[in-house]
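Student: Sharing a structure below in structure tokens format, with a few things to ask.
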Amino acid sequence: MHELAITQSVVDSVCERAGGRPVRSVRVRVGVLTAVVPDSMRFCFGLVTEGTAAEGARLEIDQPPGAGRCRTCAVAFTLTDLILLCPCGSADVEITSGQELQIVSMEVG
């Protein structure tokens with residue numbers, strides 16, 4: 001369950017930046033192609049925030065869709081999973097979004 005390690009890293013970073021102030025909410029962007037399950041991340045967030053400045057904080061998860069561009073036909077299209085095939089049949093696909101994993105904002109105080 002890689003969500004636990006990812007969530008622990010998020011909480012560590014947030015608490016470090018909070019400088020001891022209580023954290024009220026954390027917003028993260030987790031692209032659909034990262035294979036991170038939002039419900040698992042929420043569950044882990046509750047566990048790893050216990051006893052930290054982020055205990056009781058709200059976790060908000062934005063999950064942008066995957067997108068790719070075919071290098072063969074130059075068509076941009078939506079990716080719903082990691083099967084990288086263009087509608088034209090080419091597998092020469094560049095992922096342009098959906099792999100994001102970042103802390104967007106946090107509310108302290």
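Student: Which residue, Ser105, Met41, Val11, has the largest displacement toward the positive end of the dipole of the chain when charges sit on each Cβ (Lys, Arg +1; Asp, Glu -1)?
Tutor: Ser105
Student: Loop only by DSSP, 12 or fewer other Cβ within 10 Å of the Cβ. Give me the GluC sites (Glu not before Pro) in the stretch 1-108 that pass, ordered by residue number.
Tutor: For GluC sites (Glu not before Pro) across the stretch 1-108 that sit outside H, G, I, E and B with at most 12 neighbouring Cβ atoms in 10 Å, the list reads Glu50.
Student: What do the square roots of 5 times the Cα gyration tensor eigenvalues come to for the stretch 27-109, in whole Å, largest first, as semi-axes of the equivalent ellipsoid?
Tutor: Output for the stretch 27-109: semi-axes of 35, 12, 7 Å.
Student: If you don't mind, there's one more thing I want to ask. Using 0.36 nm per residue of separation minus the Cα-Cα distance, give me the extension gain between His2 and Glu60 in nm, one decimal.
Tutor: Length gained, His2 through Glu60: 19.0 nm.
Student: Tell me, what % of the accessible area of the chain is carbon and sulfur with a 1.4 angstrom probe? Mind showing how you got there, number by number?
Tutor: Working: 3170 of 6160 Å².
That share works out to 52 percent.
Student: In whole Å, what is the distance between the alpha-carbon centres of the stretch 75-96 and the stretch 21-49?
Tutor: Here the answer is 27 Å between Cα centres.
Student: How much accessible area per residue does the chain have, in Å², with a 1.4 Å probe?
Tutor: Result: 56 Å² of accessible area for each residue.
Student: Counting only DSSP beta bridges with both residues in the chain, what percent are antiparallel, rounded to the nearest 5?
Tutor: DSSP beta bridges in the chain are roughly 75 percent antiparallel.
Student: I would also like to ask the following. Once the Cα atoms of helix 2-18 and of the chain are each reduced to a long axis, what angle between those two axes, in degrees from 0 to 90 to the nearest 10, is obtained?
Tutor: So the inclination is approximately 50 degrees.
Student: For the Cα atoms of the chain, what angle does the longest principal axis make with the long axis of helix 38-48, in degrees from 0 to 90, nearest 10?
Tutor: On a 0 to 90 degree scale, this one is about 30.
The values are calculated or read from the model by the stated rules, or taken from the named source; none is laboratory data. Quantities reported herein were computed from a predicted structural model and do not represent experimental measurements. Here Cβ is always computed from backbone atoms with ideal geometry, including for glycine, and neighbour counts include all displayed protein chains. Side chains included, ligands, DNA and RNA excluded: accessible areas come from the protein's heavy atoms. Shrake-Rupley method; radii C 1.70, N 1.55, O 1.52, S 1.80 Å.
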